[in-house]
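The values are calculated or read from the model by the stated rules, or taken from the named source; none is laboratory data. All of these numbers come straight from a predicted model, not from anything done at the bench. Cβ placement follows ideal geometry from the backbone for every residue including glycine, while neighbour counts extend to all protein chains displayed.
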Amino acid sequence: MKKKSIFGAIGLGLVASVIAASCGGSSSSSSSGGAPKKGGTVHILSMGEQIAHLDPQRNYTGTDLAFAASTMQRTLTSYKYAEGDAGSEVTADLATDTGTVSNEGKTWAFTLGDGGTFEDGSAITCADVAYGVSRTFATDIITDGPTYAISYLDVADYPGPYKATADQQAAFDKAVNCVDKTITFNLKVPVADFNYTTTLTSFSPVPKALDTGEKYDMKPVSSGPYKIESYEIGKSLVLVRNDKWDQASDPIRHAYADSIVYEFGLDPSVIDERMIKDAGDDQFAVSESIQPENLPTIFDDEAFKSRRVDYYDPFVSYTNLSVKNLSCLDVRKALYLALDRDALRKAGGGPYTGDYADGFIKPALALDYAKSKMLDGLNSDGTANVEAAQAAMDAAKASCPDVAKHAADGLVYYYPDTPVWAKAIAIWIESEAKVGITIKGSPVEASKYWPTVMNPDTNYDIVRGGWAPDWANASTVIPELFATSGGFNLTRNADDPDYAAFDAAVTAAKADLDRASQGKKWQALNQYVVDRLWALPGTFLKSQSIWGSKVGNTYQWGPYGSFNFGELSINS
Amino acid sequence: MTENSVPVLSVQNLRVSFDTQDGTVHAVDGVSFDAYAGETICIVGESGSGKSVMASSIMRLNNSSTATTEGRILVKGLDVLSASEEEVRGIRGSEVAMIFQDPMSALNPYFTVGKQIAEAYVVHHPGASKHEIHDVVLAMMIKVGIPSPEKRIDEYPHQFSGGMRQRIVIAIALINNPKILIADEPTTALDVTVQAQILDLMMSLQKEFGMTIILITHDLGVVAEVAQDVIVMYAGHIVEQSHVDALFHAPTHPYSWGLLGSVASYGDNKRGGLLTISGSPPSLISLPVGCSFHPRCAHSKGEGSVCMTDSPSLRSVGSDGSRSACHLADDVLVSVGRRGFRS
Amino acid sequence: MFLFVVRRLFFAVVLLLAVSVFTYLLFALLPTDPAALTCGIHCKPETVLANRIRLGYDKPVLEQYWQFLRGIFVGRDYGLGQTAFSCPAPSLGYSFNQHACVTSLIGETFPVTAFLAIGAFILWMIIGIGVGAIAALNKGKWQDRFATGFAAVGVSLPTFYIGLLVLFSVVIWFQILPFPSYESPLDNFSAFITAMILPWLVLAVLSAASYTRLTRNGMLEAMNEDFVRLGVAKGLRLRVILLRYVMRQALIPIVTIAGLDFAGLLGGAIITESVFSLPGMGRMSIRAVVDSDLPVLVGTTMVAAVFIVAANVIVDIAYGFLDPRVRVSS
Amino acid sequence: MTSTIDSVRDDGTGVPVTASIVGKSPRELAWNRFRKDKFALFAVGVIAFYIFVALFAPIICSALGISPTRLDGQALNDYGLPDGPFGNISTSHLLGVEPGTGRDILARLLYGARVSLMVGFIATFLTTTIGVVLGVVAGYKRGKIDAVIGRMTDLTLAFPSFLLIIALTRPFTQRLESIGVPEGNPARLTYIVLVLSLFGWVYVARVVRGQTLSLREREFVEAARSCGAGNSHIIFKELLPNLWAPVIVIVSLSLPGYVSTEATLSFLGLGMIAPAASWGVMLGDSVKYYRADPTYLFIPGIALIVLVLAFNIVGDAVRDALDPKGDRQNLL
């Protein structure tokens, strides 16, 4: 799961929450006693210009998923609407239960409950869900969404509903089969936790007759308690109650507020000030993030105690190294040892940034996490160990002079062109210069950062990374980040001599249906990557949020690391 | 000299100085003269001699923020210099009117000439009806000799030739039948043929309206033709005031002598060329001690003489009423003036 | 006069065509591939190709330009089958980032920009001309020094800096106004005013600065004119002279520049709209820059150019009315 | 020197300008007047000071023991904010440190002055040169050449320039890099300067053309022409020397304008690339800290305001000195 927008604070302390906010510190906070009331308008202050994607099959951003799922896009299954560990449990939504698995994990069936309707009053049918799933395959139009449907479903060469021939469509209909109210997914590989996959809105229903393709992103048909009244990019998204939605048909949503207004395009500093001031309508507002410079103001003042939270979100930040260009472990070690992680952490707000990561799996993934053994000489307080780094560099000059020379000549670091990253890159340049490594910063427009670095033609040495699991299984972490088949592998590690062994181990771990044993395998693979430094572990991130004094039900929803927007309420 | 012994204009010890970045410029330095009804006084002098500033002072047209004005200027018994803005405004255009040097720039390019003439009338005749104004303006345009005035009344200044524009300016000046008309080089910017027409017009209108004309000019031909009295200014002072005939026959100041000599038609020196005044005008910020003309004066006595130490005052010399500000006026009268010039 | 206007209009159309060619070529020759941008993060070459064809970017630039021009008059259709849609005339293209026809996007954002421009324009003319006149009438005194200093700082300080300083000081430190949040004047007029007053002021103060200078110098120059002296010599009242003689002359160059500045503003006040989060055309165009949303960029550039060219024509014609010398001789 | 009675045209107000100061060239006169303007001399001093510190920034910084890139975590508190009042102004950091990194603000300001002033000076130089050349040629030659230049002007003015400057930054910087301009800041700077010149020359050219049109009718030009002087002689020896008053005024106004445009581009993330400093980068960064570190907010702003004011004062003074008419008049 991607981070929200990379506009703002990217990686250095931003949005989102925990799969389990277990590691204390922050006592989060639901509302001030009593059952939440109905009515009122909730405001969401956003520095983004729009919701990246509202089209359910294209939505793949933590906050946006939480927003869309809780307000408009019902899914077959859902995470529980609860804070803390409970929020990470899967529960039935459109389906009557959390699915039935058969055929050794290759067949999953869900039965739709009664009474679900779209905003036009028509009933949600099995065909609507199947149609929605089929849209994921139209990758020329339905871009940016998660592609689990494509990699799991047992259908080949299906181009999506817009271009499919009758035969191709028939093949898809076999893979996603509707019998009355029961939808059956036939998978090509066993997936033990497919009912977690179906919490993604890419498994939401779309009424075929109302599908506008490209334009569906601006006005998706609602199946939840709210519908879009107006949506202007750069201005606002206004949700009002969907009067066709029947509370009785929905086992999880409460829809307290009468309307929800997303305000776009606000200056981050202005958002912070409005939240601090808490005047007028801003008393009914929530903000997903706080700028690092304003954190002390909010967290040193007890006046904000009841409307702030500091928590571990599901994200891990790290730094991808191009193993292809830096095919020398000693150089990679030198890079890591010389890096002043303490300075980077301070630039992001110090303790509010999070904790130094010992890998890529967060402790919240309790089954998959084990403390890794970090590199010898790495200072645990985050400061640079220049001697050790120099030693590694000297070793590199002997063992792999070409790569060492490349490092001395200049490593190209693609970074998002934002003020926060401008400072981060300055820290990188300064720290690596101490061991004779030159960093050449190459700023990329923030909005084009991922497409740019994901492009195989982009010749980088270093790029940033940040990731959260799509559900509570490191199968959505290690393979995604480090296997060549992964959706977010920026390490270019395919030619590393140790890659073949790694790949085999990943395949084995994925196929292991015993969750505990699988967890051990992920732990080992995490350590495997840490030992080889294909990427440099960064921070187990924390996030901070603030809300207006009259907003209730402001808990942080674990899997998405954000408010459960649809459940926010107004206490007057 | 005139039937009325009370002057219509009396300038008494006028001093005007300007503050500039380079220092204080004493543009007019103790000027006094009287003008009587119906007479024409010409003021001549080099550029920078203060004649235009003096003329502007009569209507208090100098920049109030940088100019310092002392002395008295009496028009109809009112001291223009100490009067209130409103009182001065009442005089401007109605008692005293002015014609500027360049008719091309003196008219407001954004309004029709008719409107501009009317404006001058209306401001002093607030109750006038539209019809009346139209008639007055038209009559005035006819008087100043604008052909087909009905048509041209609605035209803009740029549609007029220079001479015609100056006629419009004269029309504006005379529409309220002023007692005094100050004309600051009214013909300098015009073609020679037009110059004569304009001067004739002014003279004939003077007869009709009976006003006093103060004509600033450097054209001694014009002076000879129209003036009764002539005032010669140099470096902010009046150096000579004479009847026109007296001036041309017997200038009482070496500077007047030089002036006359520098005009071709009056030049009669042996080389046959122009007589020139050697040297250049003095700085008005720091005038020479003594007579301001002495550095350029051929008659100046040497070091330690009165020319170098005392500033000469204007005094009567000779018998024809001429006044001169030359220590040596009597000598000059004898040794130079009587000798050289006949008109 | 009629001929003059016709000639002027004809020339304006030619100029706009030239602008459209340049704009189109400029953006078409950029190294950014619009098709790649619609293809998302996990982009495969075949998807890029498919999108390029779908968007019409596979055709030669000239043909694309022709399609664009044609679209303005007859509208354009996009895509095939179920995902087909069309943008009716006058179509300036379709934004794949914002999933909407550029014309309707401009239609949504333009009113905000127009309100901003009109209000700021009125304010800045009042402030600029007023302060300039005060400076001219008090030349050399402290009022003049202050006004020229104000003009100097105003002309040269970056808008974002002043804007944010004003925002923070007025809203946070002195708490005079609530945080501006745009509302349509038709929905909530008082909220509209509250939201607009700061951006109006900032824009007005910044732009007024150059008008202060223009007014001051124009008036000083006019006061030097002989015809002003003649006006005084006529015995006209100071007020009359100032209005009919001095201002009349000083305002002519101001009208010219004001027309162009106003037109420029109608094309979007990029920074002001961004600082104050106004959903106007300027902010949309900067978003288009960030997203490489070429259709929106071309569209806003063209609309802005139309305003500038139109303002030029209007200013030229207005000039004829303001200055009779131009009117009659042409 | 001899003087006939009307050797110098009376300027209508009677203040005898030429009479008072004799025998000096207009340039000397202007210089004399300028010299007396204490305010302007002070402003010249300020500009000279800025240029001096910009030129010698490396020497000054090493003398003070500061660096624009060195991190100083010790000067920051745990949260990355300056660990002391007023942005942690201290003997080791005379203007405090940058929040987040602890870099020295004075050093960044000095190095930033280099970038900002360089952009300002080069862009001004280019726009002025292009504008003056095209303006003079158009005004002097008139006819077809004037028409062509006039159409170029119209076309340039018809574009929303700021939008284009922003929109083309990245692609054109890449283009520049691909044709051999060193990557990163050199390419960005080149682009900024070029594009500012591309849109900026028009304003200079229009003013210069107008001035030339009236100058070419003046006696001294006609005199030169009647003496058989060539076009280049007339343009360079007769016209240009008489154009520098309006040009200097334009320069004094446009230079700070370019500095501020650079700042705006930096604010939008299109200016200098980290870790380089420019005033724009600093202004853009500092506005975030209005609450946490207001000292930082004001330092780059004040630096810019002082420079802008200095240029304006000098520009006004030069104009006053060259055009004494400003002194005469006026009735109101």
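Got a sec? Which of B:Ile182, B:Ile172 is within 11 Å of chain C (Cβ to nearest Cβ), buried (at least 17 other Cβ atoms within 10 Å of the Cβ), in contact (Cβ under 8 Å) with a residue 12 or more places away in the chain and assigned to a helix (DSSP H, G or I)?
None of the others qualify; the one that does is B:Ile172.
Inside segment B:92-118, can you point out the residues that are surrounded by fewer than 23 Cβ atoms within 10 Å (Cβ to Cβ), facing chain C (nearest Cβ under 8 Å) and of a type in the set (A, V, I, L, M, F, W, C)?
B:Phe111
Do we find a residue being in contact with a Gly (Cβ under 6 Å, 6 or more places away or on another chain), more than 14 Å from chain A (Cβ to nearest Cβ) and among the small types (Gly, Ala, Ser) anywhere in segment D:264-275?
So far as segment D:264-275 goes, no, none of its residues is in contact with a Gly (Cβ under 6 Å, 6 or more places away or on another chain), more than 14 Å from chain A (Cβ to nearest Cβ) and among the small types (Gly, Ala, Ser).
Out of C:Thr272, C:Thr215, I need the residue that is in contact with a Pro (Cβ under 9 Å, 6 or more places away or on another chain) and either outside any helix (DSSP H, G or I) or of a type in the set (Val, Ile, Thr) (or both). Which one?
Checking each option against the conditions leaves just C:Thr272.
Can you tell me how many residues within segment A:216-245 are of a type in the set (Phe, Trp, Tyr) and either at the interface with another protein chain (Cβ under 9 Å from one of its Cβ atoms) or within 23 Å of the chain's Cα centre (by Cα) (or both)? Steps first, answer last, please.
Taking segment A:216-245 first, the residues of a type in the set (Phe, Trp, Tyr) are A:216, A:226, A:231, A:245.
Among the residues that remain, those that are also either at the interface with another protein chain (Cβ under 9 Å from one of its Cβ atoms) or within 23 Å of the chain's Cα centre (by Cα) (or both) are: A:216.
Adding up the residues that qualify gives 1.
Quickly run through segment A:447-491 and pick out the residues that are part of a loop (DSSP other than H, G, I, E, B), surrounded by 20 or more Cβ atoms within 10 Å (Cβ to Cβ) and hydroxyl-bearing (Ser, Thr, Tyr).
Result: A:Tyr460, A:Thr491.
For segment B:48-63, check the following and say yes or no: at least one residue is assigned to a loop (DSSP other than H, G, I, E, B) and surrounded by fewer than 21 Cβ atoms within 10 Å (Cβ to Cβ).
Looking for residues that are assigned to a loop (DSSP other than H, G, I, E, B) and surrounded by fewer than 21 Cβ atoms within 10 Å (Cβ to Cβ), one finds at least one in segment B:48-63, hence yes.
Just the residues that are over 22 Å from C:Ala304 (Cα atoms) and outside any helix (DSSP H, G or I), please, taken from segment D:157-200.
Listed by number, the residues that qualify are D:Ile179, D:Gly180, D:Val181, D:Pro182, D:Glu183, D:Gly184.
Output yes when any residue across segment C:147-161 is at pLDDT 85 or above, closer than 30 Å to C:Leu251 by Cα and either surrounded by 18 or more Cβ atoms within 10 Å (Cβ to Cβ) or more than 29 Å from the chain's Cα centre (by Cα) (or both), and no when none is.
Yes, there is a match, as at least one residue in segment C:147-161 is at pLDDT 85 or above, closer than 30 Å to C:Leu251 by Cα and either surrounded by 18 or more Cβ atoms within 10 Å (Cβ to Cβ) or more than 29 Å from the chain's Cα centre (by Cα) (or both).
Please specify each residue of segment A:392-401 satisfying the condition of being surrounded by fewer than 23 Cβ atoms within 10 Å (Cβ to Cβ) and in contact (Cβ under 8 Å) with a residue 24 or more places away in the chain.
Result: A:Ala395, A:Ser399, A:Cys400.
Could you tell me whether segment A:468-484 includes any residue that is more than 17 Å from the chain's Cα centre (by Cα) and of a type outside the set (A, V, I, L, M, F, W, C)?
Yes.
Inside segment C:203-226, can you point out the residues that are within 23 Å of B:Ala118 (Cα to Cα) and either buried (at least 22 other Cβ atoms within 10 Å of the Cβ) or among the basic types (Lys, Arg) (or both)?
Once the filter is applied, which keeps residues that are within 23 Å of B:Ala118 (Cα to Cα) and either buried (at least 22 other Cβ atoms within 10 Å of the Cβ) or among the basic types (Lys, Arg) (or both), segment C:203-226 yields C:Ala222, C:Met223.
Looking at B:Leu275, is it modelled with pLDDT under 75, outside the structural domain of B:Phe33 (by TED's automatic domain parsing), crowded, with 18+ Cβ neighbours inside 10 Å and of a type in the set (A, V, I, L, M)?
Considered against the rule, which asks whether it is modelled with pLDDT under 75, outside the structural domain of B:Phe33 (by TED's automatic domain parsing), crowded, with 18+ Cβ neighbours inside 10 Å and of a type in the set (A, V, I, L, M), B:Leu275 comes out as yes.
Which one of these does C:Pro324 not meet: (1) surrounded by fewer than 24 Cβ atoms within 10 Å (Cβ to Cβ); (2) under 21 Å from B:Asp102 (Cβ atoms); (3) more than 8 Å from every other protein chain (Cβ to nearest Cβ)?
For C:Pro324, the failing item is (3).
Any residue that is closer than 27 Å to A:Pro451 by Cβ and surrounded by 21 or more Cβ atoms within 10 Å (Cβ to Cβ) - is there at least one of those in segment C:254-261?
The answer is no, given that none of the residues of segment C:254-261 is closer than 27 Å to A:Pro451 by Cβ and surrounded by 21 or more Cβ atoms within 10 Å (Cβ to Cβ).
Any chance segment A:71-79 includes a residue that's assigned to a helix (DSSP H, G or I) and touching a residue at least 12 places away in the same chain (Cβ under 8 Å)?
yes
Could you count how many residues in segment B:217-244 are farther than 17 Å from B:His26 by Cα, part of a strand (DSSP E or B) and either touching a His at 6+ places or on another chain (Cβ under 6 Å) or not β-branched (Val, Ile, Thr) (or both)?
Residues flagged as farther than 17 Å from B:His26 by Cα, part of a strand (DSSP E or B) and either touching a His at 6+ places or on another chain (Cβ under 6 Å) or not β-branched (Val, Ile, Thr) (or both) within segment B:217-244 amount to 5.
Consider segment A:265-313. How many of its residues are acidic (Asp, Glu) and over 14 Å from A:Val551 (Cα atoms)?
9
Considering only residues that are more than 8 Å from every other protein chain (Cβ to nearest Cβ) and not in a strand (DSSP E or B), look in segment A:282-293 and name the one that is nearest to C:Leu165 (Cα to Cα).
A:Ile290
Looking for something outside any helix (DSSP H, G or I), on the phi < 0 side of the Ramachandran plot and more than 9 Å from chain D (Cβ to nearest Cβ) - is there at least one such residue anywhere in segment C:108-128?
Taking every residue of segment C:108-128 in turn, none turns out to be outside any helix (DSSP H, G or I), on the phi < 0 side of the Ramachandran plot and more than 9 Å from chain D (Cβ to nearest Cβ).
Taking A:Ala86 and the conditions (1) touching a residue at least 12 places away in the same chain (Cβ under 8 Å); (2) not in a strand (DSSP E or B), which numbered condition does it fall short on, given that it satisfies the others?
(1)
Considering only segment C:164-176, I want to know if a residue exists there that is in a loop (DSSP other than H, G, I, E, B), away from chain D (no Cβ under 14 Å) and within 27 Å of C:Pro111 (Cβ to Cβ).
yes
Please indicate, with yes or no, whether at least one residue in segment B:130-140 is touching a Pro at 6+ places or on another chain (Cβ under 7 Å), outside any loop (DSSP other than H, G, I, E, B) and either without any contact (Cβ under 8 Å) to a residue 40 or more places away in the chain or closer than 30 Å to B:Gly23 by Cβ (or both). Lay out the reasoning, then the answer.
Step one: list which residues in segment B:130-140 are touching a Pro at 6+ places or on another chain (Cβ under 7 Å), which gives B:138.
Narrowing further to those that are outside any loop (DSSP other than H, G, I, E, B): B:138.
Going one step further and asking which of them are either without any contact (Cβ under 8 Å) to a residue 40 or more places away in the chain or closer than 30 Å to B:Gly23 by Cβ (or both), we end up with B:138.
Yes; the residues of segment B:130-140 include at least one that is touching a Pro at 6+ places or on another chain (Cβ under 7 Å), outside any loop (DSSP other than H, G, I, E, B) and either without any contact (Cβ under 8 Å) to a residue 40 or more places away in the chain or closer than 30 Å to B:Gly23 by Cβ (or both).
Would you check if there is a residue in segment A:141-158 being part of a helix (DSSP H, G or I), within 14 Å of another protein chain (Cβ to nearest Cβ) and at pLDDT 90 or above?
Step one: of segment A:141-158, the residues part of a helix (DSSP H, G or I) are A:148-152.
Applying the additional criterion that residues be within 14 Å of another protein chain (Cβ to nearest Cβ) yields A:148-151.
Retained after the next criterion (residues that are at pLDDT 90 or above): A:149-150.
Among the residues of segment A:141-158, at least one is part of a helix (DSSP H, G or I), within 14 Å of another protein chain (Cβ to nearest Cβ) and at pLDDT 90 or above, which makes the answer yes.
Considering only segment A:294-332, state which residues are in a helix (DSSP H, G or I), crowded, with 23+ Cβ neighbours inside 10 Å and within 28 Å of the chain's Cα centre (by Cα).
A:Asn294, A:Leu295, A:Arg332
Assess whether C:Val228 counts as being farther than 21 Å from C:Ile122 by Cα and modelled with pLDDT of 85 or more.
Numbers: farther than 21 Å from C:Ile122 by Cα: yes; modelled with pLDDT of 85 or more: yes.
So C:Val228 fits the description; yes.
What number goes with the only condition from (1) over 23 Å from the mean Cα position of the chain (by Cα); (2) of a type in the set (A, V, I, L, M); (3) not in a loop (DSSP other than H, G, I, E, B) that C:Ala89 does not pass?
Looking at each condition in turn, C:Ala89 falls short on (3).
Which of the residues belonging to segment C:84-99 are among the hydrophobic types (A, V, I, L, M, F, W, C) and surrounded by 20 or more Cβ atoms within 10 Å (Cβ to Cβ)? Please lay out each step first, then the result.
Initial filter on segment C:84-99 (among the hydrophobic types (A, V, I, L, M, F, W, C)): C:84-85, C:87, C:89, C:92, C:96.
Selection gives C:Cys87, C:Leu92, C:Phe96.
Output the residues belonging to segment D:29-87 that are acidic (Asp, Glu), within 14 Å of chain A (Cβ to nearest Cβ) and farther than 21 Å from D:Gly112 by Cβ.
Listed by number, the residues that qualify are D:Asp78, D:Asp83.
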